Amino acid sequence: MPKVLTRLALFLVLLMPGACAELSFLSQATKSVGNTVVTPTADPQLPELGASYKVGQPYQIKNIWYYPKEDFSYVEEGIASWYGPGFHGKHTANGAIFDENRVSAAHRTLPLPSMVRITNLENGRSLKVIVNDRGPFAHSRIIDVSRRAAQLLGFEVKGTALVRVEVLEAESRKLSAAVSGGPAFVQVSKPEPPPPETAPTGAVAGENLSAPPGTADSAVQQAELPREDVPIERPEAEADIDTDLKVVPVTPDPAVYIQAGAFGEFYNADRARASLSYLGPIIVEEITRSSTPLFRVRLGPLKDDERLESLLVAVIEAGYTDAQIVVNRN
């Protein structure tokens, strides 16, 4: 009987004037994949949200520890890659089925699902993307996107891009409520996306560059997923999911740096500068936070080209495992 009422309610909504003008309302019904309850979406751009909202426990991949957490102030610049054919149709880290033709992403520590805005700093394309998987586990990357997201952001053929990733708090909270709720509606805007780029025949750009998100050793078995036969009383929720692709101004040839670290003592910063000087120009900058001086060690300025990632890897392999890419916004 509840299923009948849900379908009747959806039918009545669709009959309302203007219901199909600009927005489509999708029933937040569930489907079963084995013993997992999954929240599907019908829009061809949107991924499944997953079986549950999860932050997850710390986990280790290739001797590196990752610490998932809710961080609504998260903003990071770095290298994005994409994954697709090898994982199409498999489960993501929170129980959804990965579809390379829908817009989604994998992140190492953000809650699942979350909403982030990814901006390609090379061409200005900017897109809201749902994070529903774990990865990438190549330490030089900060996010893995689906093939469709890479097409829209304009780096499918190249395979990687310099991007800015920023979490969207309001949208992420709505996604959390939607996936945790019972019957609810997801409000989806449906813009006209630009035509995708065409990848070379037989080429899989960006593949085999990170450990498989969603594999058994990626700590995705951290919490028991809700079973289909266990009724859970939850409030209704609404998630506003905007898949609109925007183009924003970006600085041509931005000043890009690789920050090896920030040190409390100039002596340690100078040692780092000396040990990395063979890679290129190194600067030590003094900054003050809470009356305590810090000394940042940065390699650059660098051009955003094919050497950027290899230089980042070299800094990491030199022992500066917290090294990151920084883009000068001035």
Notebook entry, point to check: With Cβ to Cβ distances under 10 Å as the rule, what net charge do the other residues near residue 138 carry (K, R +1; D, E -1)?
Noted result: 0
Check: In the range 55-135, which trypsin sites (Lys or Arg not before Pro) fall in coil by DSSP and have 16 or fewer other Cβ atoms within 10 Å?
Finding: 62, 69, 90
Margin query: Per q in 0.15, 0.18, 0.26, 0.29 Å⁻¹, report the Debye log10 I(q)/I(0) for the range 132-183, using one uniform scatterer on each alpha carbon and no solvent.
Written below: -0.58, -0.77, -1.09, -1.17
Checklist line | Protein-only accessible surface order, largest first, of 275, 114 at 1.4 Å | finding: 275, 114
Note to self: Let me cross-check residue 72: its accessible surface, 1.4 Å probe, with only protein heavy atoms counted, in Å² to the nearest 10?
What the structure shows: 50 Å²
Margin query: If you take every residue apart from residue 272 with its C-beta less than 12 Å away from the C-beta of residue 272, what net charge results, scoring Lys and Arg +1 and Asp and Glu -1?
Written below: +1
Check: How much of residue 67 can a 1.4 Å solvent probe reach, expressed as accessible area in Å² and rounded to 10?
Finding: 140 Å²
Next item on the list: Could you pull out the pairs from 54/174; 128/246; 69/90; 62/90 whose alpha carbons sit more than 20 Å apart here?
Entry: 69/90; 62/90
Check: Kirkwood-based Rg over Rh for the range 251-314 (C-alpha set), two decimals?
Finding: 1.02
Check: Once the mean 1/r over all distinct Cα pairs of the range 47-152 is inverted, what Kirkwood radius in angstroms do you read off?
Finding: 13.9 Å
Notebook entry, point to check: With contacts defined as alpha carbon pairs under 8 Å and 6 or more residues apart, what's the relative contact order of the range 111-153 in percent?
Noted result: 36 percent
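The values are calculated or read from the model by the stated rules, or taken from the named source; none is laboratory data. Just so you know, these numbers come straight off a predicted model, no measurement behind them. Don't worry about glycine lacking a Cβ; one is built from the backbone with ideal geometry, like all the others, and counts go over all protein chains shown. Protein only, heavy atoms only, side chains kept; ligands, DNA and RNA dropped before computing areas. Shrake-Rupley method; radii C 1.70, N 1.55, O 1.52, S 1.80 Å.
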